[in-house]
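Below: the structure, in structure tokens.
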Protein chains: 2
Amino acid sequence: MLLESVLAGDRLSLARLITGIENKNDDALSVLEQLFPYTGKAHLIGVTGAPGTGKSSLVNRVANLYRHPPESLSPKRVGIIAVDPTSPFTGGALLGDRIRMRDLTGDTGVFIRSMASRGALGGLATATSQVVQAMDAAGFEVVIIETVGVGQSEIDVARLAHTVMVVEAPGLGDDIQAGKAGILEVADLLVINKADQPGADYAQRALNQMLDMAFSKEMTNNFHHDLKIKTDVNNFWRPPVIKTVATDGSGIGDLFETIQKHLEFLKSSGEWAGREKRRLQSELEHTLQDHLLFRWREHVPKELYEEMLLKLLERQISPLKAVTKLLDYEMSLY
Amino acid sequence: MLLESVLAGDRLSLARLITGIENKNDDALSVLEQLFPYTGKAHLIGVTGAPGTGKSSLVNRVANLYRHPPESLSPKRVGIIAVDPTSPFTGGALLGDRIRMRDLTGDTGVFIRSMASRGALGGLATATSQVVQAMDAAGFEVVIIETVGVGQSEIDVARLAHTVMVVEAPGLGDDIQAGKAGILEVADLLVINKADQPGADYAQRALNQMLDMAFSKEMTNNFHHDLKIKTDVNNFWRPPVIKTVATDGSGIGDLFETIQKHLEFLKSSGEWAGREKRRLQSELEHTLQDHLLFRWREHVPKELYEEMLLKLLERQISPLKAVTKLLDYEMSLY
């Protein structure tokens, strides 16, 4: 049985289940449903940032530390999901996987999976979340979700995580990229990778200044009484800015320690529960949207849809009116 | 009447209509519907690329050339939509607008509008498309849609356009950013801005190599007979790679000319009609998705939704089962 073998942590079964999830295979989705009660244990770490910041090497380093941690800690099993818009131009996903294999191959405590973001049309968050659940149920105690890019869908995927790490690199233009793309607000940890290159100190200062501005604003907006400040200070997390060089391993120990600290903060502050709720709510809504569209497609004949599209092209009907007609048709079926 | 004054090109009325569209105001959406027959004339230009590439300055330069073109051409009215994830950290949108105002202010032939991408949850493409329609109906012959970032949502917005321009800058890391993020496939024009900086020639070569690979693959896949090659060569557009320096205006004339050539290609090859179809189909589907969710929300009581969410958190029920129960409830109403 696939269910039992995934729960037992069998890699081949997990791989098969994930393929099934990606293909929206009914059997796989039914197994996933039965696995759901066994999920909710893994620490989900989201890693995002612009291309060229060295995210993948950083993720490899962190995964390696989970496998071979400092003496006081026990090793953890690590799942890695690389959400990668596989481009026919560069074949980035494939190359990335090959480099990873070299570092982490042979270690059954690490499971790596690439997911293409193309063609998912909004379904990516759902699919990623389902793969996270599969790894979680299979006993991977840490699941790292890596996204390429700094757009809205990347923010959505990052929101799936308990701990969100935003990676910058010095010299990527005049601006701090994440700041401009509005991704900083979701960050729990900021990493300046390639910190041996010129501009690393400047980038660190710039990020800290942005954080100063954001947190002074938050303080003014939210806290009115001394008492409240005192109470909330215990539950307060300001994203640290950490410098690393993934290629030679500098700063990775620091980064690893900060991730552990954030995990402790999540548990002690009640944030863990809060994020679980947000995450499951977002998954519920995405699944709902997928199913609503699917149900509608089953009910409305292709000919009517094509007719509406043609009228739209000829400007005989507006998009709103076309949708109203299509929805009215569906309602008339009940 | 708002309808007539927008059609007459009145700026204040257009601004009011767009605000109404953003707020999903019923009156505004009804006016938009009546405007729809007057749309479909504007040349839609999508501009995308990573933060720090100087997109906004480039857009300003191009807009200026449309207003003051070479002698053989007549000036065109230009609408600019900046889809900008307004970050509380940097206030990028606001600053950008102020810089723009300085260059283009007082020219009633230019209309600029920023749209925040946050919180739109999938509705951004729809809202942007509606604002495009409003500008189109108001007689803006060119509408430039600028997005910040290189993620999936940016690709979706770029797909709205007839002509898609992807902006790179040299020295943004080791990689060509757009290539890695899978955005090159949607490009009609590639621009290397800040071409006075080191690495511009390298970036141009790298982009051309990527294009070589992509187009040789396409040739092998699609063309089998000499005759077919001959026929299709007339309908063939290989994205040119243009070097510009937006700050001093170098290369902008070239870029402007290439945009005109692409417009001619679109019309002569039938691609214009093809893209119109894809665009309206995508809008139809996005509007449909919005309405399906809206209709569902109206029908299902909040209490049931909260109950399902709680059960989900306690792992008593899977997301799929929760959605099934919620959908079944809605069906039972009919």
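Quick one: which residue in A:Glu276, A:Glu257, A:Glu298, A:Glu271 is closer than 23 Å to A:Glu141 by Cβ and open to solvent by 80 Å² or more (accessible area, probe 1.4 Å)? Step through it out loud before you land on a result.
On the way: A:Glu276 fails: open to solvent by 80 Å² or more (accessible area, probe 1.4 Å); A:Glu298 fails: closer than 23 Å to A:Glu141 by Cβ; A:Glu271 fails: open to solvent by 80 Å² or more (accessible area, probe 1.4 Å).
The unique qualifying residue is A:Glu257.
What single numbered condition from (1) within 26 Å of the chain's Cα centre (by Cα); (2) loosely packed, with under 13 Cβ neighbours inside 10 Å; (3) modelled with pLDDT of 90 or more fails to hold for B:Ala246?
That leaves (2) as the condition not met.
Go through the stretch A:231-334 and tell me which helices (runs of 4 or more DSSP H), entirely inside it, have 2 or more residues that are facing another protein chain (nearest Cβ under 9 Å). Lay out the reasoning, then the answer.
On the way: elements: A:252-269, A:271-299, A:302-313, A:319-333.
Ranges flagged: A:271-299, A:302-313, A:319-333.
Looking at A:Ala214, A:Ala187 in this structure, which one is modelled with pLDDT under 85 and either under 30 Å from A:Gly52 (Cα atoms) or among the β-branched types (Val, Ile, Thr) (or both)? Working first, answer last.
Values: A:Ala187 fails: modelled with pLDDT under 85.
It is A:Ala214.
Applying the selection to the stretch A:22-40, what residues are open to solvent by less than 60 Å² (accessible area, probe 1.4 Å) and more than 8 Å from chain B (Cβ to nearest Cβ)?
Applying the first criterion (open to solvent by less than 60 Å² (accessible area, probe 1.4 Å)) to the stretch A:22-40 yields A:28-33, A:35-36, A:39-40.
Of everything in the stretch A:22-40, those that are open to solvent by less than 60 Å² (accessible area, probe 1.4 Å) and more than 8 Å from chain B (Cβ to nearest Cβ) turn out to be A:Ala28, A:Ser30, A:Val31, A:Leu35.
Only one residue in A:Leu293, A:Leu255, A:Leu284 is at pLDDT 90 or above and touching a Leu at 6+ places or on another chain (Cβ under 9 Å), so which one is that?
Residue meeting the stated conditions: A:Leu255.
Scan the stretch A:121-150 for residues that are open to solvent by less than 10 Å² (accessible area, probe 1.4 Å), modelled with pLDDT under 70 and not in a strand (DSSP E or B) and jot them down.
The answer is A:Val150, and nothing else.
Just for helices (runs of 4 or more DSSP H) wholly inside the stretch B:1-81: which have at least 1 residues that are among the aliphatic types (A, V, I, L, M) and more than 23 Å from the chain's Cα centre (by Cα)? Break it down stepwise before answering.
Numbers: elements: B:2-7, B:11-22, B:26-35, B:55-67.
The qualifying helices (runs of 4 or more DSSP H) are B:2-7, B:11-22.
Starting from the stretch B:19-40, keep only residues that are among the hydroxyl-bearing types (Ser, Thr, Tyr), then list their pairs with residues that are at pLDDT below 90 whose Cβ atoms are within a distance under 7 Å, requiring at least 6 positions of separation or different chains.
Taking only residues 6 or more apart or on different chains, not a single pair turns up.
Among the residues of the stretch A:41-98 satisfying the criterion of being among the acidic types (Asp, Glu) and open to solvent by less than 50 Å² (accessible area, probe 1.4 Å), which is modelled with the highest pLDDT?
Result: A:Asp84.
Pairs please, first residue from the stretch A:318-334 and farther than 9 Å from A:Met308 by Cα, second anywhere and open to solvent by 80 Å² or more (accessible area, probe 1.4 Å), Cβ atoms under 7 Å, 6+ apart in sequence or on different chains.
Note: pairs meeting the criteria are A:Tyr334/B:Tyr334.
Look at A:Arg113 and say whether it is charged (D, E, K, R) and either modelled with pLDDT under 85 or open to solvent by 60 Å² or more (accessible area, probe 1.4 Å) (or both).
Details: charged (D, E, K, R): yes; either modelled with pLDDT under 85 or open to solvent by 60 Å² or more (accessible area, probe 1.4 Å) (or both): no.
Judged against the criteria, A:Arg113 is not a match.
Within the stretch A:151-184, which residues are modelled with pLDDT under 60 and touching a helix residue (DSSP H, G or I) at 6+ places or on another chain (Cβ under 7 Å)?
Hits for the stretch A:151-184 are A:Ile176, A:Ala178, A:Gly179, A:Lys180.
Return yes or no: is A:Thr19 of a type in the set (S, T, N, Q) and open to solvent by less than 30 Å² (accessible area, probe 1.4 Å)? Before you say what the answer is, go through the steps one by one.
Numbers: of a type in the set (S, T, N, Q): yes; open to solvent by less than 30 Å² (accessible area, probe 1.4 Å): no.
Against the criterion (of a type in the set (S, T, N, Q) and open to solvent by less than 30 Å² (accessible area, probe 1.4 Å)), A:Thr19 does not qualify.
The values are calculated or read from the model by the stated rules, or taken from the named source; none is laboratory data. Please read these numbers as outputs of a predicted model, since none were measured by experiment. Note that each Cβ is placed from the backbone with ideal geometry, even for glycine, and that neighbours are counted across all protein chains shown. These area figures cover heavy atoms from the full protein model, side chains too; ligands, DNA and RNA do not enter into them. Shrake-Rupley method; radii C 1.70, N 1.55, O 1.52, S 1.80 Å.
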